[in-house]
Ligand SMILES: Cc1ncc(COP(=O)(O)O)c(C=O)c1O
């Protein structure tokens with residue numbers, strides 16, 4: 001492998017940041033990419049390119065990436081068959097005045113692999129389709145309350161439940177309520193409180209913690225007993241945990257499901273899929289936008305799903321994720337740090353967790369810094385792609401070993417603050 005690490009410094013990143021700071025509110029288009037999640041002063045702020053699972057920043061530093069475009073780049077950067085499909089389509093047209101056959105072809109592919117997908121529509125962002133699913137559920141059931149469990153995007157119906165709800169009319173507050181994952185009673189309480197009014201339960205089928213046995217089936221039963229739909233938000237789990245998503249992996253088929261990210265290897269495409277009878281209500285519901293049916297993303301999705309099917313890429317991703325998680329946790333244990341740090345989550349989608357303590361963010365920052373020094377870009381949510389092969393996983397585990405050795409020394413010597421070469425990271429805005 002060519003040299004990885006931060007040897008070139010971050011001068012160019014800082015120059016772009018200076019230009020952005022008075023021009024772009026928050027400095028970024030996506031909060032998860034912004035500098036608060038990385039050590040300000042040490043970490044690169046701008047990346048220039050990616051190849052396989054390695055990214056290069058604007059100063060020429062090369063890092064093995066585990067952010068993978070926030071989980072969107074499922075096969076790898078510059079993946080040959082996907083790039084060719086995009087380029088071929090680019091030579092035909094990007095977006096046209098009438099429909100394009102790819103809409104039909106990709107819908108058929110999705111119907112083939114996703115259990116609930118009798119009918120399919122497309123959006124651009126995950127938020128498009130979670131919001132469409134919610135509107136559809138309300139139209140189909142003629143009810144108004146939504147019970148949700150997870151993160152579902154930036155639209156009013158969901159963000160009203162979060163701490164960042166400024167700008168959203170408080171009148172919406174009563175219409176979306178949150179329940180606790182793996183706590184069927186928390187859902188029962190809400191179902192009883194809003195009896196006869198619940199249109200849908202929308203949830204991430206798995207976040208960091210695996211569902212308890214029967215939990216997903218119990219949620220489905222409870223929703224149906226109360227005349228509500230079950231929507232699985234598979235924006236993160238779809239085309240990742242299994243080709244057919246968490247619904248296939250756990251054997252619980254929802255009424256509707258939403259997908260995004262991994263489906264098009266980084267191109268902006270999301271999917272709303274579900275039972276034909278329910279989906280047909282979209283004949284009445286308004287869900288329509290200029291870039292619906294844009295073809296570069298559909299061409300990318302077609303090539304991505306075909307590649308996933310032909311090469312069982314999801315199995316590879318899960319095997320590599322399992323190795324990273326199990327061996328990573330063993331190394332953490334060897335340094336006696338497992339009470340402070342752990343790697344958790346489904347194998348294809350792993351997360352570093354840090355026990356809550358006053359120095360948690362400092363520990364997280366220090367570990368991120370030492371991994372970065374050795375050429376690894378870890379974010380709060382980490383994804384293994386098909387381009388992460390044995391070699392990169394082994395390199396990462398070796399880097400983790402060295403970084404933990406430095407961390408444990410710094411903790412013993414009580415000099416974490418002095419050794420941090422920038423500002424500690426802020427808490428993640430998206431709760432697990
Ligand atoms: C589970 C889940 N649902 C919905 C969304 C929103 O997707 P987007 O940011 O593409 O709108 C996300 C984004 O991270 C997500 O993780």
Debye calc, one equal point scatterer per Cα of the stretch 50-139, no solvent, log10 I(q)/I(0) at q = 0.15 1/Å comes to -0.88
Relative contact order (percent) for the chain, with alpha-carbon contacts under 8 angstrom and 6 or more residues of separation?
23
Most fluctuating of 98, 407, 361 in the GNM of the chain (C-alpha, under 10 Å) is 98
With labels modelled as points extended 7 Å from the Cα through the Cβ direction, what inter-label distance (nm, one decimal) is found for residue 185 paired with residue 225?
1.5
Once R0 is set to 22 Å, what does the formula 1/(1 + (r/R0)^6) return for the Cβ-Cβ distance between residue 16 and residue 88, expressed as a FRET efficiency to the nearest 0.05?
0.10
Relative to the first principal axis of the alpha-carbon coordinates of the chain, what is the inclination of helix 390-412, with its axis defined by its Cα atoms, in degrees from 0 to 90 and to the nearest 10?
60
Estimated FRET transfer efficiency (residue 409, residue 389; beta-carbon r; R0 35 Å; 0.05)
0.65
With N set to the residue count of the stretch 102-181, report its C-alpha Rg divided by 2.2 N^0.38 Å to two decimal places.
1.28
Over all viewing directions the Cα convex hull of the stretch 271-377 casts an average projected area in nm² of 11.7
Against the longest alpha carbon principal axis of the chain, how many degrees, from 0 to 90 and to the nearest 10, is the axis of helix 184-193 turned?
40
Here D for the chain, in µm²/s, from Stokes-Einstein with a Kirkwood Rh over Cα pairs at 25 °C and 0.890 mPa s, works out to 108
In which sequence would 62, 142 go, from the one with the fewest C-beta neighbours within 10 Å to the one with the most?
142, 62
With Cα springs under 10 Å, the Gaussian network model of the chain assigns the largest mean-square fluctuation among 350, 97, 253 to 97
For a quick check: sort 2, 315 by the number of other beta carbons within 10 angstrom, fewest at the front.
2, 315
Starting with the fewest neighbours, write out 32, 119, 365 ranked by other beta-carbon atoms found within 10 Å of each beta-carbon.
32, 119, 365
Counting DSSP beta bridges with both ends in the chain, the antiparallel % (nearest 5):
60
With contacts defined as alpha carbon pairs under 8 Å and 6 or more residues apart, what's the relative contact order of the stretch 141-227 in percent?
39
Enumerate the whole-percent occupancy of each 5 Å bin, from 0 to the last occupied one, for all C-alpha pair distances of the stretch 200-280.
3, 16, 27, 25, 17, 9, 3, 1
Rounded to the nearest 10 degrees, the helix 11-21 long axis (Cα) sits at an angle to the longest Cα principal axis of the chain of 40
On full extension of the chain, what length is gained from residue 7 through residue 419, given 0.36 nm per residue of separation minus the C-alpha to C-alpha distance?
146.6 nm
For the stretch 80-311, what size does the Cα cloud have along each of its three principal axes, sorted from largest down, in whole Å?
56, 38, 34
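Every number here is computed from the coordinates shown, using simple stated rules; none is lab data. These numbers were taken from a predicted model, which means no experiment stands behind them. Using ideal geometry, Cβ is built from the backbone for each residue, glycine included, and neighbour counts are taken over all protein chains shown.
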